[in-house]
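Trainee: Submitted below is the structure of interest, expressed as structure tokens.
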Amino acid sequence: MEGGIVKKQSGGGGRGMPKGRAVDPQALAEVRTLLGDAPRRRDLLIEHLHRIQDRYGHIPARHLVALAQEMRLATTEVYEVATFYHHFDVVKEEDAPPPPLTVRVCDSLSCELAGARGLIAELKRALGAGVRVIPAPCVGRCEQAPVAVVGQNPVAQATTEKVKPLVAGRKTKCPIAKYIGYAEYRRRGGYRIAAECLAGKRDGEAIMKTLEDSALRGLGGAGFPAGRKWRIVRAEKAPRLLAINIDEGEPGTFKDRYYLERDPHRFLEGAIIAAWTVQIAEIYIYLRDEYAGCREILERELRALQADPPCPLPPIFLRRGAGAYICGEESAMIESIEGKRGMPRLRPPYVAQVGLFGYPTLEHNMETLHWMREILEKGADWFASQGRHGRKGLRSFSVSGRVQKPGVHLAPAGITVKELIDEYCDGMLAGHKFYAYLPGGASGGILPASMGDIPLDFDTLNQHGCFIGSAAVMILSDQDKARAAAANVMKFFAEESCGQCTPCRVGTAKALGLMEKPRWDRGLLEELSVAMADASICGLGQAAPNPIRCVVKYFPKEIG
């Protein structure tokens, strides 16, 4: 199915011939060959841009113009989308295309702590002019820092010696490790609950009540109660859609990738259960482009699921991001699924009312759906009883930085960072003393080790100017500086701002310049923080001041 609901909403036809530059006949023929019999709908623009980028290693301007004609769109519409996303290289005729191979080195905080800057310089010297070496924002492998990506092949604990043979052998494809495939998942009892739902053996009201009693909250960062969200969307007029957010671009976060690489059907079953309960017509999965291996797994396993379905399935569509942190914001993700720039929408209306293609949309993080099967199998009390220090549930903590055992650690909600380090991470690295931590990734603020006894959960950190978000915990030692960590994440925000809000677009860049000075201008930084927090329409600009304010409050000696 091509997308029955979408087809009515977003057809590309109906216009006359696009005005502007003439189309190169050869380029048009090449684009038509690449697209084959794929629909030319507006919402598939990003998917079609990927086909060109994958084939040529960049997007020649003549192919961009040809694609615009083939999709019956204005060239400016196609150009603005192609140039919005980091992973599309639009090249004019008069400019030289990039080298055929690109090596990206993550320079976000965990990788910077592990020596990413030096690695970038070494690789540029060692690989020569025939290979493009560029810094990249977080690639979702913080536990493997520093990380280099050769084409789409990630290199853990990267060194020049590890990267050079991959470049020489053009080993650019992401390897796939062993995981629980469809047949094995079914043997282990998978899809039993989904089949019971579709057979009428389960009650939708009872499922929503179980979710409410479990205290499960959205695990993408916002923490909205899952059961309540289901009720809200189900009360809206049909048809309704489900959009699953696996963009996971927050520096420090990699839990979704961890689960996808090991047990992909668990969240797919959760999605089917959600779709049945909320009476969803179609499911859209938005996966970040950096997760090439996960994309191959999902494509393979969706084919297996659809070839031998355990129950009637709703249409399921996998959409590919193109490198934009902002698309982790739910409305920006929806814009991207629709084939547009990932620009957050003004609210109200909320996506539960007017979401994907204008329909009421249930938006969920992948991990939230990952827990559906187990909660329904073991009961609400099982999940709710897992917490610590008065909190409820389990959390998948993505831990990186100066610890012996970084990685995804499934621990009780409400555990403290000191307990997390000692009980799950085997302590600090040798020669390092716990100094500070970021409890919620780049946007969650920075706290000193002296405040390491605060329960890590939703709402427990707010009074300290921080939040847990998606539980990305980055650990700093006495060999690090909180101000340097804050500058690193502010650089990330400045580069990833979509540019829609002036306070965010200008404020993050201005703040970064001030933070790089030996002595911080606290008054001016606070003015910028107020403007960004109060006048930005989405979480990027609103949360960008958190690291500034935390350093000023908790680490005043570092800033003069």
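The values are calculated or read from the model by the stated rules, or taken from the named source; none is laboratory data. Given the structure is predicted, the values throughout are model-derived calculations rather than measurements. As a convention, Cβ positions derive from the backbone with ideal geometry for all residues, glycine included, and neighbour counts pool all protein chains shown. Ligands, DNA and RNA are excluded from the accessible area calculation, which covers all protein heavy atoms including side chains. Shrake-Rupley method; radii C 1.70, N 1.55, O 1.52, S 1.80 Å.
Trainee: Note the full-extension length gain between ARG300 and LYS553 as 0.36 nm times their separation in residues minus their Cα-Cα distance, in nm to one decimal. Don't skip to the end; give the middle numbers.
Mentor: Details: separation 253, 0.36 × 253 = 91.08 nm, distance 4.97 nm.
That pair, ARG300 and LYS553, stretches by 86.1 nm at full extension.
Trainee: Using a 1.4 Å probe over the heavy atoms of the protein chains, calculate the carbon and sulfur portion of the accessible area of segment 122-172 as a whole percent.
Mentor: On the way: 1220 of 2270 Å².
Answer for segment 122-172: carbon and sulfur cover 54 percent of the accessible area.
Trainee: For segment 346-424, give the magnitude of the charge dipole about the Cα centre (Cβ charges: +1 Lys/Arg, -1 Asp/Glu; no others), in debye to the nearest 20. Intermediate values should be presented prior to the final figure.
Mentor: Details: 10 positive and 8 negative charges, 45 e Å.
Taking the Cα centre of segment 346-424 as origin, the dipole is about 220 debye.
Trainee: In addition: At 1.4 Å probe size, with every protein chain present, just tell me what the per residue accessible area of segment 346-452 comes to in Å². Could the numbers behind the result be given before it?
Mentor: Values: 3660 Å² over 107 residues.
Value returned for segment 346-452: 34 Å² of accessible area per residue.
Trainee: Let me ask something else about it. At a 1.4 Å probe radius, carbon and sulfur cover how many percent of the accessible area of segment 288-386? All intermediate terms of the calculation are to be shown ahead of the outcome.
Mentor: Numbers: 1580 of 3230 Å².
On segment 288-386, the fraction of accessible area on carbon and sulfur atoms equals 49 percent.
Trainee: How large is the charge dipole for segment 57-143, taken about the Cα centre, if only the Cβ atoms of Lys, Arg (+1) and Asp, Glu (-1) carry charge, to the nearest 20 debye?
Mentor: Working: 9 positive and 11 negative charges, 52 e Å.
About 240 debye.
Trainee: Can you tell me the length gained on complete extension of the stretch ARG21 to GLU80, counting 0.36 nm per residue apart and subtracting the Cα distance? Don't skip to the end; give the middle numbers.
Mentor: Numbers: separation 59, 0.36 × 59 = 21.24 nm, distance 1.59 nm.
That pair, ARG21 and GLU80, stretches by 19.7 nm at full extension.
Trainee: Which value in deg cm²/dmol, rounded to the nearest 500, describes the helix-derived mean residue ellipticity at 222 nm for the chain, given -39,500 (n - 2.57) per DSSP H run of n ≥ 4 and division by the residue count? Working shown, then result.
Mentor: Details: 25 runs with 236 residues, N = 560.
Value at 222 nm, helices only: -12000 deg cm²/dmol.
Trainee: Could I ask something else about it? From the residues ALA482, VAL133, GLY440, which one has its Cα farthest along the dipole of the chain in the positive direction, the dipole being from +1 and -1 charges on Cβ of Lys/Arg and Asp/Glu about the Cα centre?
Mentor: Result: VAL133, furthest along the dipole toward the positive end.
Trainee: May I pose another question? Segment 255-310: which trypsin sites (Lys or Arg not before Pro) are DSSP loop and have at most 15 other beta-carbon atoms within 10 angstrom? Before the final figure, lay out the partial values.
Mentor: Working: sites: LYS255, ARG257, ARG262, ARG266, ARG288, ARG295, ARG300, ARG303; in loops: ARG262, ARG288.
Of the trypsin sites (Lys or Arg not before Pro), the ones in loops of segment 255-310 whose Cβ has at most 15 other Cβ atoms within 10 Å are ARG262.
Trainee: Continuing with the same structure: Mind putting a number on the dipole of segment 132-179 about its Cα centre? Charges go on the C-beta only, +1 for Lys and Arg and -1 for Asp and Glu, and I need it in Debye to the nearest 20.
Mentor: 240
Trainee: Please name whichever of GLY227, ALA243, LEU260 sits farthest to the positive end of the charge dipole of segment 216-284, dipole taken about the Cα centre and charges placed at Cβ: Lys and Arg +1, Asp and Glu -1.
Mentor: Positive-most Cα among the choices belongs to GLY227.
Trainee: Assuming 0.36 nm per residue, please report the length gained on full extension of the stretch GLN463 to ARG125 beyond their Cα-Cα distance. Don't jump to the answer; show the numbers that get you there.
Mentor: Details: separation 338, 0.36 × 338 = 121.68 nm, distance 4.74 nm.
Stretched fully, the GLN463-ARG125 segment lengthens by 116.9 nm.
Trainee: If you don't mind, there's one more thing I want to ask. Using mean Cβ contacts within 10 Å as the protection proxy, how do 193-203, 223-233 order, highest first? Could you put the intermediate results ahead of the total?
Mentor: Numbers: 193-203: 16.5, 223-233: 18.9.
Top of the packing list down: 223-233, 193-203.
Trainee: Taking 10 °C and 1.306 mPa s as the conditions, I'd like the Stokes-Einstein D for the chain in µm²/s, using the Kirkwood hydrodynamic radius from alpha carbon pairs. The partial results should precede the final answer.
Mentor: On the way: Rh = 24.5 Å.
D = 65 µm²/s.
Trainee: Same structure, new question: As an exercise, use a Förster radius of 45 Å and the Cβ-Cβ distance of THR159 and ARG188 to find the FRET efficiency, rounded to the nearest 0.05.
Mentor: With a Förster radius of 45 Å, E is 0.70.
Trainee: Another one. Nearest-5 percent of antiparallel DSSP beta bridges in segment 70-219?
Mentor: Working: 6 of 12 bridges.
In segment 70-219, DSSP labels about 50 percent of beta bridges as antiparallel.
Trainee: Where the accessible area of segment 41-80 is counted over protein heavy atoms with a 1.4 Å probe, how much of it, in %, is carbon and sulfur?
Mentor: Numbers: 600 of 1270 Å².
In segment 41-80, the share of accessible area belonging to carbon and sulfur is 47 percent.
Trainee: GLU516 versus ILE176, label points 7 Å from Cα toward the beta carbon: distance in nm?
Mentor: So the label points at GLU516 and ILE176 sit 4.3 nm apart.
Trainee: Looking at segment 149-306, send over the antiparallel percent of its DSSP beta bridges, to the nearest 5. Kindly include the intermediate steps, with their values, before the conclusion.
Mentor: Values: 3 of 9 bridges.
The answer is about 35 percent antiparallel.
Trainee: Can you pick out the pairs among LYS201/LYS229; LYS124/LYS173; LYS229/LYS433; LYS173/LYS392; LYS92/LYS171; LYS405/LYS481 whose Cα atoms lie more than 31 Å from each other? Spell out each step's value before the answer.
Mentor: On the way: LYS201/LYS229 23 Å; LYS124/LYS173 21 Å; LYS229/LYS433 42 Å; LYS173/LYS392 41 Å; LYS92/LYS171 28 Å; LYS405/LYS481 21 Å.
From the list (LYS201/LYS229; LYS124/LYS173; LYS229/LYS433; LYS173/LYS392; LYS92/LYS171; LYS405/LYS481), the Cα-Cα distance tops 31 Å for LYS229/LYS433; LYS173/LYS392.
Trainee: Which aspartates and glutamates have a Cα less than 16 Å from the Cα of LYS209, not counting those fewer than 8 places away in the same chain?
Mentor: In chain and number order, the partners are GLU374, GLU377, ASP381.
Trainee: Right, here's the next one. Let me check against my output: what whole-number percent is the relative contact order of segment 409-560, with C-alpha pairs under 8 Å and at least 6 apart? The partial results should precede the final answer.
Mentor: Working: 235 pairs, mean separation 35.6, N = 152.
Here the relative contact order equals 23 percent.
Trainee: Take every DSSP beta bridge with both residues inside the chain and express the antiparallel ones as a percent of the total, to the nearest 5. Display every interim value, and only then the final one.
Mentor: Details: 20 of 50 bridges.
Among the beta bridges of the chain, antiparallel pairing accounts for roughly 40 percent.
Trainee: If you don't mind, another one. Place +1 on the Cβ of every Lys and Arg and -1 on the Cβ of every Asp and Glu in the chain, take the dipole about the Cα centre, and give the residue among LEU313, ALA275, GLY390 whose Cα lies farthest towards its positive end.
Mentor: Toward the positive end, the furthest listed residue is LEU313.
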